[in-house]
Each structure stands twice: as C-alpha cells, then as structure tokens.
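Notes follow once the structure below has been shown.
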Amino acid sequence: MRKGSIAAKGGSDMAAVTTTQAPVLPPPSGRAGFGGTLRSEFTKIRSVRSTYWTLLVLLAISIGIGAAICAGTAANWDQASAADRATFDATQVSIAGLFYLGQLVIVVFGAIVLTAEYSTGMIRTSLTAMPRRVTVYVAKALVFAVVALVVTLIAAFIAFFLGQALLASTHANASLSGHDVLRAVIGSALYVTMCGLFAFAAGAIFRHTAATITSIIGLLFVIPILAHLLPSSWYNDIARWLPDSAGGAITATVAPQDSHLFSPWGQFTVFAVYTAILLIVGGILFRRRDA
Amino acid sequence: MIEVRGLSKRYGEKLAVNNLSFDVMPGKVTGFLGPNGAGKTTTMRLILGLDYPNAGSITIDGKRYASLANPMREVGALLDAKAVHGGRSAYNHLFCLAQTNNLPKRRVGEVLELVGLTDVARKRTKGFSLGMSQRLGIAATLLGDPKILMFDEPVNGLDPEGILWIRNFMKALAAEGRTVFVSSHLMSEMEHTADQLVVIGRGQLLADCTMEEFIARSSGQTVRVATPQPDQLVKAVAEAGGSAVNSADGTLIVSGLVAAQVGDLAFEHGVRLHELTVVRASLEAAFMELTADSVEYRAENEQGQPPGPAQQPAQEQLVAQGQHRGEGGI
C-alpha cells in the first residue's frame, strides 16, 4: 500500500479519497449479454500463462511423437513384413501423437476452464459480473472449443506433413488428396477437441480439477482398456458404444473398417452425443447449484 | 434500494438465514452487523444470486439481480478480495469483468488509478498483498460506476493504513450519493461510517434502525452533551480520539471518552456546555449485548433438540463472546 498512489482530494489529506475524478461512463448501449461475455471469456483464456503452456505441450507432444514414430518406421522399413506394409496407415501414424497423447493434454485444458474458476474463487466474481449463468456457460464452452480446435488443427496438419516427409523414403507416405486422408487429419482435431469439451462438461459437474481429470481419464482411457479384457464376443458388442472408439475410427485410412464399429462419422456421432448429454447435464447443474 | 423480504437459506442442517427482511436505503451507508457466522456473507451471496434462497425474495430497484440489464452498472460488490485467478494481471482481471457488461476499455485504467494500482496493473495478482487485493476488488466494484456498493468485511485483516483508506473510500462513495451496504462483525468499525444499521444474529434480524436509534437503545457509558457550538466540539472530540454523533433531540452523543475528558476538552476549546451527562454504553458494548442475547436465546432453544455437530460452533461462539464482553466491561 503506497500513500503516494492514493487519489487525494485536494492533495493535502492523503486518506481523503474521491471517486468522481473519473470521467462519466457513457450510457449503456443495451443489455449485457452473450457478445460481451464471449469477449470476456476470450480475454480470460488468453490472459493466463497456463493456456500457453498447455497448448505448447500439446503441439510439442503431437508433432514430436508423430515425427518420432514416422522416423522410426522409415528407418526400419526394410525389415517390415509385407503384411505390415500392406496395413501400414501412414496418415494415422503421423497424427497418433495428437489423438493418443494430445487428448490427455486437452482433457486437462478443458477441465480447468471451469474448475480453475472454482479453485480460485473467481467463479463468484465472474457470476457477480454476469449473473446469467447459461450465457456464461455457453460462452466458456464456445471459446474453449474454438481455441482447442484451432490449435489441434494446427497440430494435426503440422504432424501430418512432417510425418509424411519423414516417411518419404518408404514410398508408403500419404498425401492430403489421398482416400480419407483429409477426413482423418481434420477428424483427429475434431475428436481431440470433443475430448476437451467432454472434460469441460465434467468440470461443471465435479467443480474440482483432480476429480474431473481422474473421472475423464477413467472414462476415456481406462474403461476401453478394461473392455479389451472382456471376451471378444462381448467386446465386439460394446466397442461401438465406447466413447474413445471414435478416435481410432475417424483417423483410420487404410486398415479395413472394423465390422463391429459404425462408420467413422457414425462413431464420431456416438461420442458427440455423449458429449452433448454431458454438456447439458453440466449446464443444468451450473445453472441450478449455489456458486 | 435493496429490498429483502422473508429471506431464508438452509445449508444442510444449518439454517444460515432465517426469515430476514430489511431495506437498504439509497444514498446512505448501511452497516450490516453480526457476529461471525451470523449469516452476513450468506445474505450478500443471496442478494447477488450466487446462492438461491429456500424462501423469500430480494429485489434491487424492483428487479432480481440476475435480471438487471447491466448488473455492474447497478451494483458493485466485493465479497472476497482473494476470489481472483492469481495468474491473471490486475489489468486483465478488470478488463474481462468490464467486457461482460460492455464497459469501455478505458474504464479499467480509470478505476486502477482511483484505487492506486496503476503501477502494478500488469503484475499478476498472485503476488498481491491483502491490501492490494482489496483495492483491486474495490476497483472491480467501481467499473460500472454503480449506484449501489456492497462490501463484505472490507477491513478484515488490513493494516491500520488500509483500514483508514477503506473507511475514507466508503465515506467518499456515500458522499457522492451512492448506496453503501457494508458488513462487519465489529461495531467499532460501523461507529465511524454507518448511518443506518441492520444487525443480525444466528440468521435472524435483531435490529434495523438508524445509528442514532441504536445509540438510544443502548444502555451505559456514553456522554450526552448539549452545546450551542456542536461543530467545534465534534472536531475536538475526534482529535482526542473519541467520536460524536448528533442525536435526535439535537444533543451530541460522545463515545470513546469519559465525561471528565469531554468537559476538559470543551473548556480547552472554549466550547460552552449546557448539559454534560453520562448516559450509555459504547456501541460496541450495546452490539455485544444484543448479539450475545440472541446467541444465548438460540442456545437455550437448541437444548430441546438432539445435540448435533452443527450446534457446536454456537456454544464456542457464546463462550468467546462472553469473554470479550468481560474485557469490554473493564
């Protein structure tokens, strides 16, 4: 606390403060609503360092792992069997870093969009400024989704092009004009963004970072592993209903489509429906509960 | 004007606010008093729509808080100065709040200037002292230049300089014709700032009156003075560390000084006295008595019910107050 910085009335009495020094505010242009809240949420997300760190890690993991797998594959291509070569999916391999590990990062990023407001208490300040909660909730989700999609698309395309360049010596490399390749590259970004929205909604339900991340990792990573332990006839029946099946389905361009799964977009729709349900439940709770 | 009607809020077993009704009148400082745990913060959260009441209603100039067109232009509220994201700079914190209500960007710089945080505007709030955080919180309340300001225990934990600053700031806000609703668990804090008092204990209304009425109700050691030169005496009393307020019948009520001191002061400053009477307890003592009674009443009332962990704090509070009261009586 510095005496000199206090706005002093007359200058002699250091503690006498006036608030009338500020110019008068212009009259309101309308009702505070979605536009302002959207701009506010964008300011929030771009004004904390954790956003940049998280997205930097996402890019590094997605591009780095994709490149490492591609370089390794190219170096060992001579030893690969004919069967391996036939089923080799150059597109999927190059973006594997994004949709396997990048989704972990985006899950954390999506979760903390809301849970960080609860852990810091900022949510009470936010909801005092904008008490229309559904507006806040939708603005938050939208800003997160757009930021996540832009960054994952960048990661997907860089990983794809870098991977294909590293695979050039194998002549098995893919090009964007190839069959299903563009769908796989864009789909990987959509899938990872959807994972983030899934975590965002869970954050609204749990309002606690650790609980949110733990439960989402359980749903997206552990349950699929456990499902694999089931007898294959059971697994084949439930695979198409698992949320993570969308990731493998939408990024595959070569291997014959698993007959137990829906089409890539069908599988993506299953995941999108789960996410939508979770977003609605999260929104209802966000609106109803005491902040 | 804030109108609270029949407000009740239950958290699990605990009835935090119980059928509370009062008005916060425009253009005045209204002190919201009660011991810790009386339900002051809960009431403020309910006013802002952060929590939903189990019963009752709250309107701000006739509207629910959530339906105000531009909430920040109507009400500026500071409940918890540390309720900010520590990783965000002071400037960006205020900017993201201003954007929700479409307030101009320049306003952020203006309010930072008003509270004296311009130099640290770009610093992350993580490193702010409590005093700086309070200033940032107050800056946020002023963004929309609101008619109504609400502060929850604004001087809690502040150093004397910070307390003085906040106290003067609230006075300045009220002098501009704004409504100031400020909570405290210390009567001595309100003595200097509030015109109107709302006193609660255990979630129930104990008093809703002017400061003068509250003084009139209390019993014990204050000094009533009748003088044709009240302004001079008020000034002298203030300089001597006491405080003097006008009572309804035109006399002055001096607290913080004993009768002999007031008489000597008047003599030294050449102020003629027509009356000098020892009357009442300090406001602090009156407040303690009022709230302690309410706690005692509640405690007795709860004896008939099965004892639960929720009742435990009430007992502790009663003991703590009893001790405090003992000290005050010395």
When every residue in region B:46-91 that is more than 8 Å from chain A (Cβ to nearest Cβ) and in a loop (DSSP other than H, G, I, E, B) is compared, the one surrounded by the most Cβ atoms within 10 Å (Cβ to Cβ) is B:Ala81
Region A:1-49 - residue that is closer than 23 Å to B:Val120 by Cβ, modelled with pLDDT of 85 or more and more than 7 Å from every other protein chain (Cβ to nearest Cβ) and, of those, surrounded by the most Cβ atoms within 10 Å (Cβ to Cβ): A:Ile45
How many of the residues in region B:96-106 are crowded, with 22+ Cβ neighbours inside 10 Å and either part of a helix (DSSP H, G or I) or touching a Cys at 6+ places or on another chain (Cβ under 6 Å) (or both)? 5
Within region B:142-154, how many residues are within 9 Å of chain A (Cβ to nearest Cβ) and either under 19 Å from B:Ala194 (Cα atoms) or not hydrophobic (A, V, I, L, M, F, W, C) (or both)? 2
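Do the conditions hold for B:Leu15, that is, is it assigned to a loop (DSSP other than H, G, I, E, B), more than 21 Å from B:Ala194 (Cβ to Cβ) and in the same structural domain as B:Arg202 (by TED's automatic domain parsing)?
Spelling it out, it is not the case that B:Leu15 is assigned to a loop (DSSP other than H, G, I, E, B), more than 21 Å from B:Ala194 (Cβ to Cβ) and in the same structural domain as B:Arg202 (by TED's automatic domain parsing).
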Leading residue by the ranking (surrounded by the fewest Cβ atoms within 10 Å (Cβ to Cβ)) among those in region A:165-201 that are of a type in the set (S, T, N, Q) and without any contact (Cβ under 8 Å) to a residue 40 or more places away in the chain: A:Ser177
Inside region B:92-117, the number of residues satisfying the requirement of being small (Gly, Ala, Ser) and within 7 Å of chain A (Cβ to nearest Cβ) is 1
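Can you find a residue that is within 14 Å of chain B (Cβ to nearest Cβ), in contact (Cβ under 8 Å) with a residue 24 or more places away in the chain and assigned to a loop (DSSP other than H, G, I, E, B) anywhere in region A:131-144?
Checking region A:131-144: at least one residue is within 14 Å of chain B (Cβ to nearest Cβ), in contact (Cβ under 8 Å) with a residue 24 or more places away in the chain and assigned to a loop (DSSP other than H, G, I, E, B).
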Looking only at region B:239-257, count every residue that is of a type outside the set (S, T, N, Q) and in contact with a strand residue (DSSP E or B) (Cβ under 7 Å, 6 or more places away or on another chain) and tell me the total. 8
Could you say which residue among B:Ser21, B:Ser8 is part of a strand (DSSP E or B), of a type in the set (S, T, N, Q), more than 10 Å from chain A (Cβ to nearest Cβ) and more than 12 Å from B:Ile200 (Cβ to Cβ)? B:Ser8
For region B:174-188, name all the residues that are on the phi < 0 side of the Ramachandran plot and in contact (Cβ under 8 Å) with a residue 60 or more places away in the chain. B:Ala174, B:Arg178, B:Thr179, B:Val180, B:Phe181, B:Val182, B:Ser183, B:Ser184, B:His185, B:Leu186, B:Met187, B:Ser188
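Considering only region A:137-184, state which residues are of a type in the set (Phe, Trp, Tyr) and closer than 15 Å to A:Ala252 by Cα.
Within region A:137-184, the first condition is being of a type in the set (Phe, Trp, Tyr), and the residues that meet it are A:137, A:144, A:157, A:160-161.
Within region A:137-184, A:Phe160 is the sole residue that qualifies.
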Would you mind stating whether B:Val29 is at pLDDT 95 or above and either in the same structural domain as B:Leu142 (by TED's automatic domain parsing) or in contact with a Phe, Trp or Tyr (Cβ under 6 Å, 6 or more places away or on another chain) (or both)? no
Would you please name the residue that is surrounded by the most Cβ atoms within 10 Å (Cβ to Cβ), looking only at residues in region B:116-165 that are farther than 24 Å from B:Leu48 by Cα, touching a helix residue (DSSP H, G or I) at 6+ places or on another chain (Cβ under 7 Å) and of a type in the set (A, V, I, L, M, F, W, C)? B:Leu117
For region B:32-44, state whether one or more residues are at pLDDT 95 or above and facing another protein chain (nearest Cβ under 9 Å). no
Here the residues within region B:175-210 that are touching a helix residue (DSSP H, G or I) at 6+ places or on another chain (Cβ under 8 Å) and of a type in the set (A, V, I, L, M) are B:Val180, B:Val182, B:Leu186, B:Met187, B:Met190, B:Ala194, B:Leu197, B:Val199, B:Ile200, B:Leu206, B:Ala207
Restricting attention to region B:123-145, does a residue exist that is outside any strand (DSSP E or B), more than 19 Å from the chain's Cα centre (by Cα) and of a type in the set (Lys, Arg)? yes
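The values are calculated or read from the model by the stated rules, or taken from the named source; none is laboratory data. If you're wondering where the values come from, they're calculated on a predicted model, not measured in any experiment. Virtual Cβ from ideal backbone geometry, glycine too; neighbours counted across all protein chains shown.
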